[in-house]
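The values are calculated or read from the model by the stated rules, or taken from the named source; none is laboratory data. Note that this is a predicted model, so its numbers are computed, not measured. So basically every Cβ, Gly included, is an ideal-geometry build from the backbone, and we count neighbours across all protein chains shown. SASA here: full protein model, heavy atoms, side chains in, ligands and nucleic acids out. Shrake-Rupley method; radii C 1.70, N 1.55, O 1.52, S 1.80 Å.
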Amino acid sequence: QQPVQSPQAVILREGEDAVINCSSSKALYSVHWYRQKHGEAPIFLMILLKGGEQKGHDKISASFNEKKQQSSLYLTASQLSYSGTYFCGTAGLNAGGTSYGKLTFGQGTILTVHP
Amino acid sequence: NAGVMQNPRHLVRRRGQEARLRCSPMKGHSHVYWYRQLPEEGLKFMVYLQKENIIDESGMPKERFSAEFPKEGPSILRIQQVVRGDSAAYFCASSPMVGTEAFFGQGTRLTVV
């Protein structure tokens, strides 16, 4: 099953913050976040592993709540370059406690940052 | 360290022809994943390969589509007798181990006329 992302779209002014959520109904091994600009390849942002963790670099961070199978991506003090579509990709947890490998992606959240 | 390389970037085929899409993973990466993306939609998993083995092909259409990742050379996604509905962007991603971060190539945009 495809993870559900919310919101579907966000419009910001430079300097504002945003949160994008990703929710799955399946047990997860990991959550991967990507940003994709129109006509380009998805760019890897970060990976969060089961066990629940938080990560961040610069003004982009994320958390993974393993019990709820939910992840959130936090964008602070947004810049024009943050515009694009954000996808979460989830890797399922197999019976052996490891990853199935393949990623199932959400439908995407379109982020637009205006000057 | 070069990233994931895909070629061609753009491919035009007439209905009924064959399309061959190539993907060279990042150096040191032995896991390759193929995804398809329709315009304005998300990425749909097709197939997961590790050198010479197909690990998971649950997302591949049963007919006309095949994939391989030989011991030497790039991974190949092959589409036989293409139809208009095959028009899409096909992305390849690679990772060093299962469950680790996966990096995407620039994609091949297939147009069937």
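Hey, what did chain A get for relative contact order, percent, Cα under 8 Å, at least 6 apart?
36 percent
Contact order normalised by length for chain B, with contacts defined as Cα pairs under 8 Å and 6 or more residues apart; what percent is it?
That works out to 37 percent.
Considering the dipole of chain A built from charges on the beta carbon (Lys and Arg +1, Asp and Glu -1) around the Cα centre, which of A:Ser71, A:Ala18, A:Leu111 is farthest to its positive end?
Towards the positive end, the residue furthest out is A:Ser71.
Which residue, A:Leu80, A:Leu103, A:Leu45, has the most motion in a Gaussian network model of chain A that connects Cα atoms within less than 10 Å?
Among A:Leu80, A:Leu103, A:Leu45, the largest GNM mean-square fluctuation belongs to A:Leu80.
For the full complex of protein chains and a 1.4 angstrom probe, list B:Arg9, B:Arg15 by accessible area with the highest value first.
B:Arg15, B:Arg9
Check cross-link reach from B:Lys71 to the aspartates and glutamates: straight Cα distance under 12 Å, and skip same-chain residues fewer than eight apart.
Cross-link targets: B:Glu52.
Could you pull out the pairs from A:Lys50/A:Lys102; A:Lys26/A:Lys67; A:Lys68/B:Lys44; A:Lys59/B:Lys44; A:Lys102/B:Lys51; A:Lys102/B:Lys62 whose alpha carbons sit more than 21 Å apart here?
The pairs that break the limit, which is 21 Å between Cα atoms, are A:Lys68/B:Lys44; A:Lys59/B:Lys44.
Take the alpha-carbon positions of segment B:15-113, form their convex hull, and give its projected area averaged over all directions (one quarter of the hull surface) in nm².
Projected over every direction and averaged, the Cα hull of segment B:15-113 covers 6.2 nm².
If you split all Cα-Cα distances of the protein assembly as shown into 5 Å bins from zero, what percentages do you get per bin, shortest first?
Reading the bins upward from 0: 1, 7, 14, 18, 18, 16, 12, 8, 4, 1, 0.
With springs connecting C-alpha atoms under 10 Å apart, model chain B as a Gaussian network and identify which of B:Pro61, B:Pro39, B:Pro74 has the largest mean-square fluctuation.
B:Pro39
Calculate one ³J(HN,Hα) per residue across segment A:58-71 by plugging θ = phi - 60° into the Karplus curve 6.51 cos²θ - 1.76 cosθ + 1.60, and present them in order as whole Hz with x for glycine and proline.
Result, rounded to whole Hz: 6, 10, 10, 9, 8, 9, 9, 9, 5, 5, 8, 6, 10, 9.
Short version: ³J(HN,Hα) in whole Hz for each residue of segment B:85-100, in order, from phi by Karplus 6.51 cos²θ - 1.76 cosθ + 1.60 (θ = phi - 60°), x for Gly and Pro, what are they?
Working through the residues one at a time gives x, 7, 4, 5, 9, 10, 10, 10, 10, 9, 9, x, 9, 5, x, 9 Hz.
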